[in-house]
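Here is the structure we will look at.
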Amino acid sequence: MLASAAPWLVFVAYCAVTWWVTPRRVSSPQFFDGRTAAGAPPSVWLVAMSVAISWIFAKSIANAADLAYAYGLTGGVGYTIYYLSFIVAGVAIYLMRTRGGYRSLPQLLLDKYGGVCTKLFLATIAFRLFNEVWSNTKVMSLYFGPEGSGTYWLAAVLITLFTLSYAWTGGMRASLLTDRVQTLLAFVLLGVVLTVLFPGLESKGMPVVDTPTRDAGLTFCGLALVQILSYPFHDPVLTDRGFLNPPRDMLKSFLIAAVMSGGFIFLFSTIGLYGRTFGLAPNPSVSVPASFGLVMLLVFNGIMLLSGGSTIDSAFTSVAKLAARDWRNDWDEPVRAHLTTGRIAVLAVAVLGNLPLLTIYLGDKVGPAVIAATTISGTMVMGLAPIFLLSWLRPAGALSFHLAYWPGVAIGVLRAIETFTHASIFPGALALGSGKFALDLGLNVWGLVLCTAGYLVGALLAPRMKATPPLTAAKGGAAFEARSPVA
């Protein structure tokens, strides 16, 4: 009886603490820009903690443990490399803001590439936000019961409703304030986990992996290094926070967040190392705490609730901004009309974002499938690297965007078909490295070269084509191509 009730007690405690720090009523600038009641921007540390915990997804924690379990130390290092995305995005956004005067990524796109390209980008990130909802709800709900059970579905509904309740009332301000508490509690619980696990790891030593397994892990590290050039730009949960406080403060926040979240993920990957060392069952984020009993399961349950809840409320906040401001090309001071539109969008994605739970059954393949989704989504958006990092090239316009964007999408879609149908589409000669991720690494390297070449070809052809000049920056931007480079 106690074992079945205990996860719900943790959930009640999580809800109580989160609700305690949530503002009950906010203005439109607070809802969208996270400002204080006096109108001041959020502090360096508040943004840093929010960025950090928002990228410590419930699914990313499970991914880190699964990869360390599969490949040893290199698996954990590989997933940690993704958190260098904060540095890539932070530097790029800093230059966009200081040299171009932009207030969002879509504003840069509208100015540089036009309305059609902007809408394509917004559709891409909307799909990303949609996936963030169900994938994190799934991981969190598994701690309350087996997939498909009554307690599983009850947890999924209650988690969504609670997160919706405070995201609806508080928006970005609520997300920032709850993120601060969630970050502190998550690190405390991580400390508890490491205190319990380290004696066992110290006594038996780090798991020994054979050379092919180690090389496969190193291949994954290479894949992560390539994908961080594009991956951060398709996640508004990350990039929206790049426009909340002054540019210099923002850059400090992102650098701090890189250390915080990367350190958390690397340390948590020791869960997978422990599971491999002691021969525990796959899915170490469940099997390892289960080996220690109820108390450790509850600690893990708490970590998943904190990290997953933070990601979902951040996704809701980004959906509100996308619908109310970015899609309408309206980056003026937010008003009540924005608030109404944003809240309607949040309600819609809370419902639609969980529908895949009704149709997708992954069972014991949840870990590998989510890892596959991460690498494939990173492949699909590889073209965003030149689109943002080379946006300083003056002749580049809509043609450059399309010649960079569509090859990446095509490769990513074909790779998804290949992965989930076990068909053979790409020749093995494209692979680089060894092991499971060799083909993914090859496709990302050669694909990035193709997307970048397409972007440059578009820039060369643009002066020869009689095209309408790109729009000037909507409502306050500046002509960025005439300024200094983004990267």
Linear extension gain, residue 294 paired with residue 9, 0.36 nm per residue minus alpha-carbon span
101.3 nm
Would you kindly state how much longer the chain becomes between residue 21 and residue 184 on full extension, computed as 0.36 nm times their sequence separation minus their alpha carbon distance, in nm to one decimal?
57.4 nm
How large is ³J(HN,Hα), in whole Hz, for each residue of the range 111-126 in order, when computed from phi with the Karplus curve 6.51 cos²θ - 1.76 cosθ + 1.60 and θ = phi - 60°, using x for Gly and Pro?
5, 8, 10, x, x, 4, 5, 4, 5, 4, 5, 5, 5, 4, 6, 5
For 149, 310, 141, 28, which order do you get if you count the other beta carbons within 10 Å of each Cβ and list the fewest first?
149, 28, 141, 310
Just order 113-120, 440-447 by mean Cβ neighbour count inside 10 Å, highest at the front, would you?
440-447, 113-120
What pairs from 112/138; 138/252; 59/204; 112/252; 138/436 go past 30 Å between their alpha carbons?
112/138; 138/252
Taking neighbour Cβ counts within 10 Å as the exposure measure, how do 211, 379 sort from fewest upward?
211, 379
Apply the Karplus curve 6.51 cos²θ - 1.76 cosθ + 1.60, θ = phi - 60°, to the phi angles in the range 141-146 and return the couplings in whole Hz, x for Gly and Pro.
5, 5, 7, 9, x, x
Please compute the contact order of the chain in relative form: average sequence separation of alpha-carbon pairs under 8 Å and at least six residues apart, divided by the residue count, as a percent.
30 percent
Protection proxy (average C-beta count within 10 Å per residue), highest first, orders 325-333, 399-407 as 399-407, 325-333
Helix-only mean residue ellipticity at 222 nm, the chain, DSSP H runs n ≥ 4 weighted -39,500 (n - 2.57), per residue, nearest 500. What is it?
-23500 deg cm²/dmol
Pairs of alpha carbons in the range 246-344 whose separation is greater than 17 Å (percent)
69 percent
Computed ³J(HN,Hα) along the range 215-222: with the Karplus parameters 6.51/-1.76/1.60, θ = phi - 60°, integer Hz and x for glycine or proline, the list is 5, 5, x, 5, 4, 5, 4, x
Quick shape summary for the chain, equivalent ellipsoid via Cα gyration tensor, semi-axes whole Å in descending order, reads 35, 29, 19
Ranked highest first by the average count of other Cβ atoms within 10 Å around their residues, in what order do 99-107, 448-456 fall?
99-107, 448-456
Viscosity 1.002 mPa s, 20 °C: Kirkwood-radius Stokes-Einstein D of the range 1-102 over Cα pairs, µm²/s
123 µm²/s
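Computed from the coordinates by the stated procedures, all read-outs in this text should not be read as laboratory data. It should be emphasised that the depicted structure is a prediction, and the values quoted were computed from it without experimental measurement. Reconstructed Cβ throughout: ideal geometry from the backbone, glycine too, with neighbour counts over all protein chains shown.
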